[in-house]
Structure formats: structure tokens, C-alpha cells
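Colleague: One structure follows; several queries about it will come next.
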Amino acid sequence: MSANVVVIGSLNMDLVTRAPRLPLGGETLIGHSFATVPGGKGANQAVAAARLGAAVAMVGCVGNDAYGAQLRDALLAERIDCRAVSTVEGSSGVALIVVDDNSQNAIVIVAGANGALTSAVVDRFDDVLQAADVVICQLEVPDATVGHALKRARALGKTVILNPAPAGRALPPDWYAAIDYLIPNESEAATLSGLPVDSLESAERAASHLIGLGAGKVLITLGAQGLLFASGTGFEHFPAPKVKAVDTTAAGDTFVGGFAAALARGESEAQAIRYGQVAAALSVTRAGAQPSIPTRSEVKAFKSS
Ligand code: RIB
């Protein structure tokens, strides 16, 4: 099976607690509920692209524990090609997530098997990359692998998307020339650019800086404030659809997957952005990472409502 969207990245089991508020240091809180939910930025983006119409393949690693099998099954249930999802000795990636009554979250991830996704593993599945139109990476697997994958995808002439999440540091300068679409959120854009991002104007300055470093186009997601698109020749603001948020986990992933799926079927950048925004808006109305991601028909129904 050949896929038009290939995601190279993480698979995590999300251990999700709902609590009245996020705990302070040293504090014990009584939570409302607990659930284990398939997640991981890479896997979420793969599920989003698949539910939103793309043929998808995932390149990643899971552990040989029970979570590993569940994470793979969750992707297979979406008809995602998992030939390049390797099972390695040890624990799968996990994310400890607390969601409060205001739908804010706090997340700690432990890489586990995601740390075994090396450049050599990516090279082993070069045929999967060769078959793609769009390649997506994030930052929950080793940096060396991400840099290698971006450059290989660029050399193959693919459309390359980097969602630089989570961003704890500036990106290696030599990555930028390989990126067609850099999609950070506000805080990631600030980390990458070294500039504050707290308004549309400051987002424009950060986006210009990132384009100056060599990124093709920059899309800064601004939560309820929508999205800033910077093409290098100008800016466009895309307001967000208004919804009542229940849980914002994986909203950014849903945007990235929806944007990629729409681009892969030939929609314009503006159409793909609006499509990803509607999908992300729907995802925040539901709890959990992968369970919250809408289908193509749900997005269609929302757009025509
Ligand atoms: O973007 C949301 C994801 O971040 C969660 O599913 C969790 O696994 C972390 O990777």
C-alpha cells in the first residue's frame, strides 16, 4: 500500500487524569477520572490525516509491552500502514496528562521506545518515504532522526511539514532549508525565534524571523485567536471557528493532520488551513487525544452548519 501522507514520529499511551485544577508543586489533588488513551504527537497526526481523507503510513517505534500492541492496533483500526512501526525491547512512550475544569492541560512525556527511532530505522523504510507526497515530523523522537528525516524528505522532493512540538530549544539552523511548512504554536514560535509571541503583531515578527532562518512558510497556531500564516511575501490571519472547549489535547495535532490531508489532495493553502482549523475546533469539543479527532464527514457537516 502506498501512502500520500507519511508521519515520522512518536506514539504514546496517554495516562489522563481529569482534576478540578492543575496541581501545584508538592500538592496532592483528588481527581475526577482516569483513562488510558492512545496518543503521541506523531500518532495523533497520522490518525488525523487518515480520518480526514489521506492514505497514511506511520514510521515510529513502540515497546514490546501491552501499550505497544494497543498503540499499533489503534493505528491499524484507522487503516494506517504500520509496516514501518517497529517493536523494540522495553516500554512504549507514555504521556502523563492532567486536564482541569477549564480544559487546560499539563503534560509530561517519557520517550520510551520513541527514543529508538534512529536515522537508520528511517532509512530502512525509505520506500515508504519515496511513496509519499507529504512528510510530517515533530520533536518527540531524537533530534538527529528528525533532522535526517527532514533532509531526506526534502531530497526526495516531498512537501515537508515540521510541527516543532514540544520545543525546548532553538532548532538546528541547517534544518530550516528542508522545511516547507513550519507549524509551531505561540510558545513554540517564541522559543524558536527568541522573540515574545503574545499578539498578532508579535506573531508576525516571530514568523518573519523564522522565514529569515530559511523556513518556507510559517503557520503559527494561536488557539482561540486562530492562526497566523506567513508566506514570506505577506501575512494572513485566519480566525478560529468558535466552539466550547472540553479538552484541547491533540488540537494542534488535528490541525497538522487535517492541513496535510487537504494539501495532499490538492487543496490550496488557504483551504487546507481552514479545513485543519475546523477539524481542530471539533477536536477540542471532545475529550482525549485520538478519540477526539473528527472524521471527514463530521468536518463537512460542521462546515455546512
Ligand atoms: O499533542 C498531544 C500529545 O502530546 C498527547 O497525545 C501526548 O501523548 C503528547 O505527546
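Colleague: So what are the ³J(HN,Hα) numbers for the range 142-156, from phi and the Karplus equation (6.51, -1.76, 1.60; θ = phi - 60°), rounded to whole Hz, Gly and Pro as x?
Modeller: x, 3, 4, 5, 4, x, 5, 5, 4, 5, 5, 4, 4, 4, 7
Colleague: While we're on this one: Between residue 107 and residue 302, what is 0.36 nm times their sequence separation minus the Cα-Cα distance? Round to one decimal in nm.
Modeller: Between residue 107 and residue 302, full extension yields 67.3 nm more.
Colleague: Another question, if that's okay. Tally Lys/Arg at +1 and Asp/Glu at -1 over every other residue whose Cβ is under 11 Å from the Cβ of residue 279; what's the total?
Modeller: Within the 11 Å Cβ shell, the charges total +3.
Colleague: Summing Lys, Arg as +1 and Asp, Glu as -1, what charge do residues with Cβ under 12 Å from the Cβ of residue 179 carry, residue 179 excluded?
Modeller: Numbers: positive: 151, 154, 158, 217; negative: 174, 180.
My count for the surroundings of residue 179 gives +2.
Colleague: Using the Karplus curve 6.51 cos²θ - 1.76 cosθ + 1.60 with θ = phi - 60°, work out ³J(HN,Hα) for each residue of the range 116-122 in order, rounded to whole Hz, and write x for Gly and Pro.
Modeller: Whole-Hz 3J(HN,Hα) from phi for the range 116-122: 8, 7, 8, 4, 5, 5, 4.
Colleague: If you build a Gaussian network model of the chain, linking Cα atoms that sit under 10 Å apart, which residue out of 223, 42, 168 swings the most?
Modeller: Of the options given, 168 has the highest mean-square fluctuation.
Colleague: In a shell of Cβ-Cβ distance under 15 Å around residue 112, excluding residue 112 itself, what net charge do Lys and Arg (+1) and Asp and Glu (-1) give?
Modeller: -2
Colleague: Karplus couplings for the range 52-58 from phi (6.51 cos²θ - 1.76 cosθ + 1.60, θ = phi - 60°), rounded to Hz, Gly and Pro as x?
Modeller: Residue by residue, the range 52-58 yields 9, x, 8, 8, 10, 10, 10 Hz.
Colleague: Continuing with the same structure: Counting other Cβ atoms within 10 Å of each Cβ, which trypsin sites (Lys or Arg not before Pro) in the range 32-89 have at most 16 and sit in a DSSP loop? All intermediate terms of the calculation are to be shown ahead of the outcome.
Modeller: Values: sites: 41, 51, 72, 79, 83; in loops: 79.
Within the range 32-89, the qualifying trypsin sites (Lys or Arg not before Pro) (loop, at most 16 other Cβ atoms within 10 Å) are 79.
Colleague: With a ≥ b ≥ c the root eigenvalues of the C-alpha gyration tensor of the range 160-268, is it rounded (a/c under 1.5), prolate (a/b larger than b/c) or oblate?
Modeller: rounded
Colleague: Mean residue ellipticity at 222 nm from the helices of the chain, using -39,500 (n - 2.57) per DSSP H segment of n ≥ 4 over the full residue count, to the nearest 500 deg cm²/dmol?
Modeller: The helix-only estimate for the chain comes to -10500 deg cm²/dmol at 222 nm.
Colleague: Taking the Cα centre of the range 1-126 as origin, work out the dipole magnitude from +1 charges on Lys and Arg Cβ and -1 charges on Asp and Glu Cβ, in debye rounded to 20.
Modeller: 200 debye
Colleague: Specify whether the C-alpha gyration tensor of the chain places it in the rounded, prolate or oblate class, a ≥ b ≥ c being the square roots of the eigenvalues: rounded for a/c under 1.5, otherwise prolate if a/b is larger than b/c and oblate if not. Working shown, then result.
Modeller: Details: a/c = 1.28, a/b = 1.04, b/c = 1.24.
Rounded, since a/c falls under 1.5.
Colleague: Please give the charge dipole size of the range 125-181, origin at the Cα centre, charges +1 on K and R Cβ atoms and -1 on D and E Cβ atoms. Round to the nearest 20 debye.
Modeller: On the way: 5 positive and 7 negative charges, 28 e Å.
About 140 debye.
Colleague: Using amide H atoms built 1.01 Å from N in the peptide plane, name the residues 5+ places from residue 295, or on other chains, whose amide H lies under 5 Å from its own.
Modeller: none
Values quoted throughout were computed directly from the atomic coordinates according to the rules given, and no laboratory measurement underlies them. This one's a predicted model, so the numbers in the text were calculated from it and none came from an experiment. All Cβ positions, glycine included, derive from the backbone under ideal geometry; neighbour counts span all protein chains shown.
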